[in-house]
Amino acid sequence: IHRLSPGQVATYQEDGYLVLEGLFSPEQCDELRQRMSEIVERMDVPSHCRTQFSTDHDEQLKTQGNADYFITSGDKIRFFFEKGVFDEKGLCLALHAHEPLFKNITHSPKIQDATFLYTEPLGRVMGVWIALEDATLDNGCLWFIPGSHKTGITRRMVRTPKGTFPLTDFIGREQSYDDNLFIPVSVKKGGAVLIHGQVVHRSAENTSDASRHVYTFHIMESENTLWSPDNWLQPTEELPFPSLYT
């Protein structure tokens, strides 16, 4: 079991993120990439369900916000595509629950995750971003504004009332950030990045010849925490949020 040192905990609390190098073996990474390839090869996404994944306000409402395929994806493996790359492979949701290899790993543009995954109180959600290949400046590594998690959030994406259109909307205002405040965080294959739910981060489009496969999921401290019923992602009877401790 990997335990964080007091110094690592202090770094996470101060910066809002922490890099853990060598957390997974090359063999584990290769197994996940192989299984990912098999799933993608089998995918059959109807054209009307080809939802583009975007954190941009207008694009979000235009694509994800009006797609039932997106908002009902929380307990299913579904596919989402980055803008302009419908011939490429997208992201898979619910791999942590339906695919044994990904389940084993899960349980052993400028965004704040809490914008989309809101809790009361704030600060209870953490992203885990696992590099299945080297993530570098050239192929789209993460960039962070250290310490930005201390300023809270200014907008949220929420479900709209049932029967209205679009299915999601943003409330609040989008904050502007100085690009010079971002610093790149390269990660070697097998490394992981712990991401505070309120830290501002981004990754550039990968236009290199090298892929940058990652597996990412979120965990939440459930004790004395309210998962907002307005969040786009909701647990279901078929798949409640899995517990890490039971």
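The values are calculated or read from the model by the stated rules, or taken from the named source; none is laboratory data. Computed from a predicted structure; not experimentally measured. Cβ sites come from the backbone with ideal geometry, for glycine too, and all protein chains shown count toward neighbours.
Filter region 142-152 down to the residues that are part of a loop (DSSP other than H, G, I, E, B) and modelled with pLDDT of 95 or more and list them by number. Listed by number, the residues that qualify are Ile145, Pro146, Gly147. Is it true that some residue in region 133-147 is more than 24 Å from Asp230 (Cβ to Cβ), exposed (fewer than 15 other Cβ atoms within 10 Å of the Cβ) and acidic (Asp, Glu)? No. Residues of region 10-27 that are in a helix (DSSP H, G or I) and over 15 Å from Asp134 (Cβ atoms): Ala10, Thr11, Tyr12, Gln13, Glu14, Asp15, Glu27. Does Ser228 meet the test of being polar (S, T, N, Q) and either surrounded by fewer than 17 Cβ atoms within 10 Å (Cβ to Cβ) or in contact with a His (Cβ under 9 Å, 6 or more places away or on another chain) (or both)? Yes, satisfied.
Close contacts from region 1-20, counting a first residue that is modelled with pLDDT of 95 or more and a second that is among the aromatic types (Phe, Trp, Tyr) and part of a helix (DSSP H, G or I), with Cβ to Cβ under 6 Å and a gap of 6+ residues or different chains, come to Leu18/Tyr12.
For region 231-245, name all the residues that are loosely packed, with under 10 Cβ neighbours inside 10 Å and more than 20 Å from Val128 (Cα to Cα). Step through it out loud before you land on a result.
Here is the first cut: in region 231-245, the ones loosely packed, with under 10 Cβ neighbours inside 10 Å are 237-238, 243, 245.
Within region 231-245, Glu237, Glu238 qualify.
Reported count of residues in region 148-159, each being surrounded by fewer than 15 Cβ atoms within 10 Å (Cβ to Cβ) and of a type outside the set (D, E, K, R), is 3. With respect to being out of contact with any helix residue (DSSP H, G or I) (no Cβ under 7 Å at 6 or more places or on another chain) and surrounded by 13 or more Cβ atoms within 10 Å (Cβ to Cβ), Phe170 falls outside the description. Listed by position, the strands (runs of 3 or more DSSP E) inside region 77-141 whose residues that are farther than 17 Å from Ala210 by Cα and modelled with pLDDT of 90 or more number at least 2 are 125-131.
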